[in-house]
Every structure is written in C-alpha cells, then in structure tokens.
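Some notes on the structure that comes next.
The values are calculated or read from the model by the stated rules, or taken from the named source; none is laboratory data. Nothing here was measured: the structure is a model prediction, and the numbers come from that model. Cβ atoms come from the backbone with ideal geometry, glycine included; neighbour counts cover every protein chain shown. For accessibility, only protein heavy atoms count, side chains too; no ligands or nucleic acids. Shrake-Rupley method; radii C 1.70, N 1.55, O 1.52, S 1.80 Å.
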Amino acid sequence: QVQLVESGGGLVQPGGSLRLSCAASGSVDSIMSLGWYRQPPGKQREFVASLTIGDTTNYADSVKGRFTISRDNAAKNTVYLQMNSLKPEDTAVYYCKHLVTKSWGQGTQVTVSS
C-alpha cells in the first residue's frame with residue numbers, strides 16, 4: 001500500500017509559477033514511477049506528466065516546455081512538478097498517481113487567475 005500526499009497548490013496570476021510536491025509513504029519501492037494528472041472544472045481527469053524507471057519523463061503536449069517533473073535526489077520518495085508560465089487553462093485539481101500500485105493522492109487545487 002502506498003500513500004501519496006500532494007501539496008503546493010494555490011492561486012497564481014497568469015505567467016506565474018508554482019511547484020507541486022507529491023510525497024509517498026508506505027510500501028514505497030526504491031525506484032518510484034509516478035505521474036501527475038489534473039482535472040479541470042467540469043472536465044475529465046487528464047495526464048500531465050510522468051517520471052519512470054531511469055528517470056524517463058513524458059509530458060502532455062499542452063504543458064511541454066512549461067512544466068518539469070523531477071525527483072528529490074535526497075529523499076527519493078518525493079516527486080515535484082515545477083509549473084512555469086501558467087495559463088488560466090491550467091486551472092485544475094492536480095493529483096499524483098503511483099504508476100505501479102495505481103494509488104492516487106487526494107489532490108491539490110491550482111487556480112490561475114488575475
């Protein structure tokens with residue numbers, strides 16, 4: 001069993017930045033494969049980015065060049081999503097997902113608005 005806790009969401013103006021964190025606990029393997037997803041208001045949950053074995057990254061086209069997923073090199077059980085040049089359409093609840101166990105976190109709200 002893996003527990004995931006997201007943090008770092010909030011209200012930011014267009015063009016601003018936020019860094020989300022996903023901390024894993026429980027039966028955490030030494031090499032974590034995690035993904036970030038988001039659910040905009042009134043829409044379905046969608047893929048944002050993933051970090052898998054060998055630190056391979058993958059991004060949705062809508063966030064390429066603006067978002068970066070990375071792992072905490074010291075803690076190893078924390079994955080970040082650095083979000084730059086935020087747009088109003090990035091407004092959503094952001095979730096992290098452990099890609100092996102399919103466990104989800106509770107989500108963190110990101111609102112991009114002036």
Around Leu18, under 13 Å between beta carbons, what's the net of Lys plus Arg minus Asp minus Glu among the other residues? +2
Using a 1.4 Å probe over the heavy atoms of the protein chains, calculate the carbon and sulfur portion of the accessible area of the chain as a whole percent. 48
What is the list of residues in segment 16-30 whose amide nitrogen lies under 18 Å from a point 7 angstrom out from the Cα of Asn84, following Cα to Cβ? 16-21
Alpha-carbon radius of gyration plus Dmax, which is the widest Cα pair, for segment 1-92 in Å: 13.3, 38
Over the chain, give the accessible area per residue in Å² for a 1.4 Å probe, as an integer. 51
Run the simple label-point estimate for Gln106 and Gln39 please: 7 Å along Cα→C-beta, distance reported in nm. 1.5
Any idea how many Lys pairs in the chain come in under 22 angstrom at the alpha carbon, given 8 or more places apart or on separate chains? 8
